[in-house]
Amino acid sequence: LRVTGYSTGGGPNELAAPVAVGLVIETPNAMGGGDKVIYMHGTTKFNINGTGFRAASTNLVFDPPLEKEVDYLLAVRSGSFMQLTLKTGRAWRSDGSPGPLKLRLIDTGAGWLRIDGKYGGVTVAEVQVDLGAHGVTVEGSASTRVYQSQATLAIAGAGFNAVASQNLLKWGNSLRGKGVNYTIEASTASSLSLRLTPGSKWRLNPSNLPGPLTLLAIDAGAGLVPVGPTEQKKGRVVATVYEDPVVLKNPGRTIFASHTHELWIAGSGFSTGETAFTFDPALQSGVDYYCSVVNRTHANVRLVDGRSWSLDGSAAVLRVTEIDTGAGPLRGFVPVSVATVEPDAAFHPSGLSVSPSANQKLYPTSTALLISGTALCADPELTFASPLPADAFSAEASPDGSRLTLTLAAAHRWPTGDLFLRSVDCGEGPVDLARGQGIVVASVLPRPSVDEKDRSIYASHTKQLIVKGSGFPEVADPTAPLDLRLAPTPRDAYYVASVSPSAIVLELEDGRTWADGDGVQLRVTSIDTGAGPIDTKGVLVAEVHPDPSGAVCDDSCEYALDGVCDDGSAAYRPPTYQSGDDDFGGFWGDDDGYAFLGYYYDDDGFFPNAPVCDPGTDCHDCAVTEPAPASPCNNSCEWAKDGFCDDSRTSGLCDLGTDCFDCGEVGHDNFTRVESDDWWDDDGFYFDNDYAGYEYYFDDDLVPVGQASSIPNPRTKRADLNDEAGSGSIFMMALEGLVAVIGLLISSAGAYFTYKYLNGDKSGFQLLPTDDPGLAQKNSTAIPITPDLTYSDQPPTTKV
């Protein structure tokens with residue numbers, strides 16, 4: 001709404017251009033819920049239809065009171081449709097008693113509008129007590145590990161239907177029951193036994209595994225009951241699913257008993273840090289070899305220096321006889337040949353030999369490299385797989401020829417990766433090593449570096465610190481764990497949680513702090529990725545601030561330690577399940593055969609960032625918490641500097657902090673809120689007739705700007721749709737109808753007898769006999785006939 005002209009005293013227009021003075025929006029209204037019935041806790045969401053809803057600024061007032069973001073979450077899907085989702089642990093009626101839920105006020109940005117004021121609001125639903133089957137619960141069991149094709153799965157809980165076929169399960173990955181993907185073959189009140197249909201998998205997409213198998217809801221006879229926070233579709237993790245592991249055979253791969261330092265095993269389903277192979281010959285992990293998983297299709301097995309692939313150095317076929325990627329030894333695994341072991345090459349007649357030393361770690365700038373063997377000469381000619389210039393190093397042999405020390409020249413670098421020595425020439429011609437394949441004499445690691453990062457963290461409430469940089473190991477080496485030192489934080493106050501080529505995640509130990517004081521600079525002083533510590537010159541990685549006064553930071557949330565921030569402090573987290581993300585579709589309503597349960601696409605909204613626990617009670621998962629940046633304070637709002645606060649602190653339509661002139665800085669308001677003034681009470685008293693028709697309550701803190709009548713629900717047959725009927729209202733109407741029928745019958749009977757009486761028919765009005773039946777008159781034929789006599793108070797004159 002713009003003013004295009006302004007003049008005084010009939011003069012010319014004083015406005016150079018039209019001026020916006022307001023924004024006119026559609027008047028909102030709500031439709032009655034008709035005969036809609038919802039359960040106190042069992043119904044997780046319901047819809048309200050109407051007009052004029054606005055996604056950015058719609059607020060509601062209910063009777064009994066419900067608080068947005070505390071009791072429910074609101075999603076406005078369109079101008080005529082909004083959906084309310086009940087938050088975990090809350091009820092649709094705050095008083096806990098069944099009855100109507102009424103919408104009293106609605107504000108879509110232009111002030112509060114009262115709906116059906118004379119009725120106390122429009123009834124949007126009738127709330128009833130939960131049914132017995134609404135009490136179904138499921139015990140989370142993320143520690144239960146299964147492979148994709150494992151035949152059976154057990155679910156523990158309470159309130160299940162004892163008839164197996166009467167339990168319907170709703171899964172996060174849209175797994176289908178009734179024999180499509182699985183069958184519930186047995187059930188009790190506390191357990192369900194599921195059997196996988198042949199050819200199906202508990203989770204299909206291997207790129208998401210290992211991953212949780214999440215049960216969202218169960219229908220045990222009273223409709224679908226969520227078993228976890230509805231607002232996040234979090235559900236309960238009943239198992240962790242691992243990909244069915246496969247090992248590819250490779251008998252054509254030839255390795256030498258000790259001169260070959262590593263073996264790559266290809267397949268699928270390998271999981272980092274959990275994959276274990278059982279070999280024949282019986283090699284022992286940590287004694288004969290170390291295994292590292294690079295990705296789900298490749299694992300690297302490195303032989304320990306001085307050990308043999310065949311244990312005794314003889315020829316053999318190396319087989320994988322068993323595999324465990326995290327869910328236990330795979331049943332029915334068929335042994336697979338992964339290499340053919342041949343004896344090491346025979347010693348050269350000169351006696352010269354080189355011992356493998358793959359566990360020797362170097363940086364490209366490391367000055368010395370040690371080669372062990374026999375008959376090593378003082379100034380040999382060495383040939384490496386990655387050629388090095390002749391002047392790149394100098395060599396010095398030990399007197400007994402068992403060690404050769406190479407010293408790197410200042411201007412040169414060792415090539416990164418495994419350093420293969422292929423031949424040694426002591427003057428009598430080159431001696432090939434491992435039949436020309438070469439022997440690894442060192443592993444050269446990239447030189448690590450740490451990026452400077454100016455970020456703010458809390459002393460103890462920030463549980464994780466991510467250090468960015470480069471040259472970090474791509475695969476964890478169990479023989480040389482990474483070490484990083486901070487100042488002033490003691491080394492025992494934190495540990496290395498995970499490593500990637502460009503980031504190191506540090507986690508704070510319980511009860512410890514990064515530093516004490518305000519504004520303390522946290523610096524990395526050294527880093528060791530396996531080849532020794534490197535001085536980083538104190539790179540700044542964070543600035544430590546005291547924990548917020550009175551703030552909580554613990555893991556008391558029921559869903560803590562699940563890898564997802566559940567207390568609402570994370571700025572964003574991606575949805576747990578998206579359409580097409582995994583297995584069978586993703587959305588609840590996409591499942592064939594489940595449409596009758598009422599889960600359609602337009603009822604599928606959820607709130608991935610919605611808090612399901614109190615602030616600060618999921619501290620570990622919300623460990624990225626940082627001190628909040630200063631709130632904006634500018635005048636970018638279209639209506640800034642107009643004398644009224646127009647940002648979100650009022651019913652204004654601008655973002656928080658964008659009308660700084662009229663509102664003040666965030667947290668330091670300089671305006672007066674209308675609700676706290678007495679402008680409406682112009683004579684100092686409250687007169688009922690001042691607001692006739694608005695039906696104000698004395699405890700109202702909100703002042704409506706108008707009122708409206710609700711929209712009739714087309715599914716309600718009664719004419720007066722404002723008094724919407726729940727079960728109690730229906731009973732009262734039936735009772736009133738019965739009284740009316742009885743009254744009509746009595747009135748009709750009275751009219752009938754009155755008509756007969758007026759027409760001379762008095763038979764219907766004779767009184768009923770009241771004499772004693774024992775004194776009833778006898779039959780007249782038995783009484784003798786006597787003459788009439790006259791009696792007086794005198795003695796009789798005639799004797800009878």
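The values are calculated or read from the model by the stated rules, or taken from the named source; none is laboratory data. Every value quoted in this text rests on a predicted model; they were computed, and no experiment measured them. Positions of Cβ are generated from backbone atoms using ideal geometry, with glycine treated the same way; all protein chains shown enter the neighbour counts. The protein model used for the area step is the full one, side chains on, heavy atoms only, and it has no ligands, DNA or RNA in it. Shrake-Rupley method; radii C 1.70, N 1.55, O 1.52, S 1.80 Å.
General observations
- Complete set of residues in segment 362-382 that are β-branched (Val, Ile, Thr) and within 22 Å of residue 446 (Cα to Cα): 365, 367, 371
- Top-ranked residue in segment 690-746 [being among the β-branched types (Val, Ile, Thr), at pLDDT below 80 and open to solvent by 80 Å² or more (accessible area, probe 1.4 Å); ranked as farthest from residue 34 (Cα to Cα)]: 705
- In the condition set (1) of a type in the set (A, V, I, L, M); (2) modelled with pLDDT under 90; (3) open to solvent by 20 Å² or more (accessible area, probe 1.4 Å), residue 217 is compliant with all but (3).
- Top-ranked residue in segment 142-153 [being at pLDDT 85 or above and in a loop (DSSP other than H, G, I, E, B); ranked as farthest from the chain's Cα centre (by Cα)]: 151
- Tally, over segment 77-126, of residues that are under 18 Å from residue 46 (Cβ atoms), in a strand (DSSP E or B) and open to solvent by less than 20 Å² (accessible area, probe 1.4 Å): 14
- For residue 20: the one exception among (1) surrounded by 12 or more Cβ atoms within 10 Å (Cβ to Cβ); (2) among the hydrophobic types (A, V, I, L, M, F, W, C); (3) in contact with a Phe, Trp or Tyr (Cβ under 9 Å, 6 or more places away or on another chain): (1)
- Per the conditions (1) touching a residue at least 12 places away in the same chain (Cβ under 8 Å); (2) closer than 18 Å to residue 265 by Cα, the sole criterion not satisfied by residue 334 is (1).
- Selection status of residue 145, closer than 22 Å to residue 217 by Cα, among the charged types (D, E, K, R) and touching a residue at least 60 places away in the same chain (Cβ under 8 Å): yes
- Residue 458 vs. criteria of a type in the set (Phe, Trp, Tyr) and open to solvent by 50 Å² or more (accessible area, probe 1.4 Å): no
- The set of residues in segment 23-76 being in contact with a helix residue (DSSP H, G or I) (Cβ under 8 Å, 6 or more places away or on another chain) and either surrounded by fewer than 18 Cβ atoms within 10 Å (Cβ to Cβ) or over 30 Å from residue 644 (Cα atoms) (or both) consists of 37, 39, 41, 42, 44, 45, 47.
Matching residues to (1) in a loop (DSSP other than H, G, I, E, B); (2) within 24 Å of the chain's Cα centre (by Cα); (3) acidic (Asp, Glu):
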{"position": "169", "(1), (2), (3)": "no, yes, no"}
{"position": "174", "(1), (2), (3)": "yes, yes, no"}
{"position": "184", "(1), (2), (3)": "no, no, no"}
{"position": "189", "(1), (2), (3)": "yes, no, no"}
{"position": "195", "(1), (2), (3)": "no, no, no"}
{"position": "200", "(1), (2), (3)": "yes, no, no"}
{"position": "204", "(1), (2), (3)": "yes, yes, no"}
{"position": "214", "(1), (2), (3)": "no, yes, no"}
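- Residue in segment 284-295 that is assigned to a strand (DSSP E or B), farther than 19 Å from residue 253 by Cα and among the small types (Gly, Ala, Ser) present: yes
- When residue 332 is tested against the conditions (1) of a type outside the set (Asp, Glu); (2) open to solvent by less than 60 Å² (accessible area, probe 1.4 Å); (3) at positive phi, the lone failure is (2).
- Within the set 222, 217, 239, 189, the sole residue that is in contact (Cβ under 8 Å) with a residue 24 or more places away in the chain, closer than 30 Å to residue 45 by Cβ and touching a helix residue (DSSP H, G or I) at 6+ places or on another chain (Cβ under 7 Å) turns out to be 222.
- Matching residues, segment 426-454, being surrounded by fewer than 16 Cβ atoms within 10 Å (Cβ to Cβ) and among the basic types (Lys, Arg): 435
- Search result, residues across segment 476-509 that are outside any strand (DSSP E or B) and open to solvent by 40 Å² or more (accessible area, probe 1.4 Å): 476, 477, 478, 479, 481, 488, 490, 491, 492, 501, 502, 509
- Failed criterion for residue 33 (all others in (1) more than 23 Å from residue 713 (Cα to Cα); (2) part of a loop (DSSP other than H, G, I, E, B); (3) under 33 Å from the mean Cα position of the chain (by Cα) hold): (1)
- Residues of segment 520-535 satisfying the condition of being polar (S, T, N, Q) and over 17 Å from residue 455 (Cβ atoms): 525, 526, 529
- Residue that is nearest to residue 422 (Cα to Cα) [pool: residues in segment 361-382 that are surrounded by fewer than 17 Cβ atoms within 10 Å (Cβ to Cβ) and within 60 Å of the chain's Cα centre (by Cα)]: 370
- Restricting 117, 159, 135 to residues that are modelled with pLDDT under 90 and within 23 Å of the chain's Cα centre (by Cα) narrows the list to 135.
- Residues of segment 296-322 classified as in a strand (DSSP E or B) and either open to solvent by less than 20 Å² (accessible area, probe 1.4 Å) or of a type in the set (Ser, Thr, Tyr) (or both), total: 7
- Some residue of segment 247-267 being in a loop (DSSP other than H, G, I, E, B) and under 30 Å from residue 90 (Cβ atoms): no
- Qualifying position, being closer than 21 Å to residue 143 by Cα and open to solvent by less than 20 Å² (accessible area, probe 1.4 Å), among 267, 177, 228: 228
- Selection from segment 254-284 of residues that are over 34 Å from the mean Cα position of the chain (by Cα) and hydroxyl-bearing (Ser, Thr, Tyr): 254, 258, 260, 278
- Sole exception among (1) more than 30 Å from residue 148 (Cβ to Cβ); (2) crowded, with 17+ Cβ neighbours inside 10 Å; (3) at pLDDT 90 or above for residue 358, by number: (3)
- Counted residues, segment 461-471 - those being assigned to a strand (DSSP E or B), crowded, with 23+ Cβ neighbours inside 10 Å and not aliphatic (A, V, I, L, M): 0
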